[in-house]
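Down below is the structure, laid out as structure tokens.
The values are calculated or read from the model by the stated rules, or taken from the named source; none is laboratory data. All of these numbers come straight from a predicted model, not from anything done at the bench. As a convention, Cβ positions derive from the backbone with ideal geometry for all residues, glycine included, and neighbour counts pool all protein chains shown. The protein model used for the area step is the full one, side chains on, heavy atoms only, and it has no ligands, DNA or RNA in it. Shrake-Rupley method; radii C 1.70, N 1.55, O 1.52, S 1.80 Å.
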Amino acid sequence: MREALVEGQNRQTTDVAPAEEHHADIYGEDGAVRASFLAQIGAAIADRDTITLKREVDDLHQSELGDVLEALHPEQRRALVELLGSDFDFSALTEVDEAIRMDIVDNLPNEQIAQAVQELDSDDAVYILEDLEKEDQDEILSQLPFTERIRLRRALDYPEETAGRRMQTEFVAVPPFWTIGQTIDYMREDKNLPERFSQIFVIDPSFKLLGAIDLDQILRTRRAVKVEEVMHETLHAIPATMDQEEAAREFEQYNLLSAAVVDENGRLVGVLTIDDADDVVDVIQEEAEEDLLRMGGVGDEELSDTVLATSRSRVPWLLVNLLTAFLAASVIGLFDRTIEHIVALAVLMPIVAGMGGNAGSQTMTVTVRALATRDLDIYNAARIIRRELGVGFINGVVFAVLIGMVAGFWFRDPNLGGIIAAAMIINMFAAALAGILIPLVLDRFKIDPAVASAVFVTTVTDCVGFFAFLGLATWWFRVP
């Protein structure tokens, strides 16, 4: 037994070493694909040397091939796919952003896509097909075997960004009256089972989900025992129409490896897994990136987007910001006589607004993230609001003292220092209040706080900051 263990360890080391060596050949110290490797690929493409090209990319993992595609010029990546033909690993298209994926797919005949889709897991196939035009989808699906076509069509019929779109339609399901022995024999003999799975689902004749059995439970159970005697209830079955972010949160909260996906009648239609490409881990990352981009007002922008597409995606929010800037400017316009009498106010007032804006952004970022992860709800909202108000007041006092001393010394006017200090406290307090209340209110009215919060918070801090500073100065210096 010791010899077998040593042999297994040696074999494992032998299996892993080439992959690690290959990975080192592709990536440089900075984690990017090496320029020399890209040059080799580019030279093979230019010479239309398919033999060299296949040798270089044959052993690449789909994520590595995805990185190579993203690093190549558009015409090179199209040529690479063309030259590789049926040897191209289409699962790599799930690892690149949408613009690159569509650039490649749009230049391929539907017959080639249909042939490639048959070799993919259903979730990967849906990921590629869902962005195509309806006519192209129908043409590709019509060329697939009946069973495969029905599975993919059912997944594509579910709304975007739902569990039904992300699920795998390949799963193992058995009736409750089978024995463990029958189940094991079925898994050994059926050639159409998924490549990887950790659970076997139990269903009735109408495909209604009854329960599940983990593979380790099957291995520990005698062959004569019936499935219904050892199956357990599936506590976290996911509705196919559930938002993918909600489904990802289920995996995160309950540490799931896989979960059954059911339709509105409780019938098993698919499975979500934690370890497949474009699965729950990717969903978590995508949703986090989406929230971050939306808070910056850049939508679902990708690095590979064209100049025109990028400009078009940013214009709407820049226009909204322009309108709110006019609102802040109108507040300044109310005190034009004060600024004419005391020019120093024009120098100092951006400091008040800027500090308030930064403080509001900090609070807003924490609040939006807490709402997204469901850490903030009606039960702890009051406590969090009090905490943020306390933080805003303390920080306001600290920076009021600093800026008051600097301003008083700079302009040799302690009155001016006191005015800006008071305005700083008011605006920092308002920033904390706006930073938490605005996302809460938007969320309450079913408006995505990641999209709209930043504009409103900035508007509040600008208007309050200018009004507090210039209003206090007008009152204190008795400007007519």
Inset, instruction - Name the residues whose placed amide hydrogens come within less than 5 Å of the amide hydrogen of Gly270, ignoring near sequence neighbours (fewer than 5 apart) on the same chain. - result: Val261
Inset, instruction - Could you grab the relative contact order for the stretch 331-461? Cα pairs under 8 Å, six or more apart, rounded to a whole percent. - result: 33
Legend entry - Solvent-accessible area per residue, Å², over the chain with all protein chains present [probe radius 1.4 Å]: 55
Inset, instruction - Considering only DSSP beta bridges where both residues belong to the chain, give the percentage that are antiparallel (nearest 5). - result: 80
Legend entry - Sulfur and carbon atoms: percent of accessible area, the chain [1.4 Å]: 57
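Can you tell me how the stretch 119-230 classifies by the Cα gyration tensor, rounded, prolate or oblate, using a/c under 1.5 as the rounded cut? Walk me through the numbers on the way to the answer.
On the way: a/c = 2.72, a/b = 2.39, b/c = 1.14.
Here the stretch 119-230 falls in the prolate category.
Defining a contact as two alpha carbons under 8 Å apart and six or more residues distant in sequence, what relative contact order in percent does the chain show? Can you show the working numbers first?
Numbers: 616 pairs, mean separation 49.0, N = 480.
Answer for the chain is 10 percent.
For the stretch 17-118, report the convex hull volume of the alpha-carbon atoms normalised per residue, in Å³, without decimals. Walk me through the numbers on the way to the answer.
On the way: hull volume 10.1 nm³, N = 102.
Hull volume normalised by residue count: 99 Å³.
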Inset, instruction - Just name one of Ser122, Asn107, Ala39: the one whose Cα is farthest towards the positive end of the charge dipole of the stretch 39-180 (beta-carbon charges, Lys/Arg +1, Asp/Glu -1). - result: Ser122
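Can you give the helix-only mean residue ellipticity at 222 nm for the chain, where every DSSP H stretch with n ≥ 4 adds -39500 (n - 2.57) and the sum goes over all residues, rounded to the nearest 500 deg cm²/dmol? Could you put the intermediate results ahead of the total?
Values: 22 runs with 312 residues, N = 480.
It lands at -21000 deg cm²/dmol.
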Legend entry - Vicinal HN-Hα couplings computed from phi for the stretch 76-87 (Karplus, 6.51 cos²θ - 1.76 cosθ + 1.60; Hz; Gly/Pro x): 6, 5, 5, 5, 4, 5, 5, 5, 6, x, 5, 7
Inset, instruction - List every residue whose amide H lies under 5 Å from the amide H of Ala237, counting only residues 5 or more places away in sequence or on a different chain, with H placed 1.01 Å from N in the peptide plane. - result: none
Inset, instruction - List the residues whose amide H sits under 5 Å from the amide H of Arg34, counting only those 5 or more places along or on another chain, with H placed 1.01 Å from N in the peptide plane. - result: Tyr27, Gly28
Inset, instruction - Taking semi-axes √(5λ) of the Cα gyration tensor in Å as the quantity of interest, determine which of (i) 33, 26, 24; (ii) 56, 30, 22; (iii) 48, 23, 23 was computed from the displayed structure. - result: (ii)
Legend entry - Phi to ³J(HN,Hα) by Karplus 6.51 cos²θ - 1.76 cosθ + 1.60 over the stretch 208-214, Hz, x for Gly, Pro: 6, 6, 9, x, 8, 10, 6
Legend entry - lysines whose Cα lies under 19 Å from that of Lys226, excluding same-chain neighbours fewer than 8 positions away: Lys208
Inset, instruction - Please report, in debye to the nearest 20, how large the charge dipole of the chain is about its Cα centre when each Lys and Arg carries +1 at its beta carbon and each Asp and Glu carries -1 there. - result: 2840
Legend entry - Table column - 3J(HN,Hα) (Hz), the stretch 173-186, Karplus curve with 6.51, -1.76, 1.60, x for Gly and Pro: 9, 9, x, x, 8, 5, 8, 4, x, 4, 5, 5, 4, 4
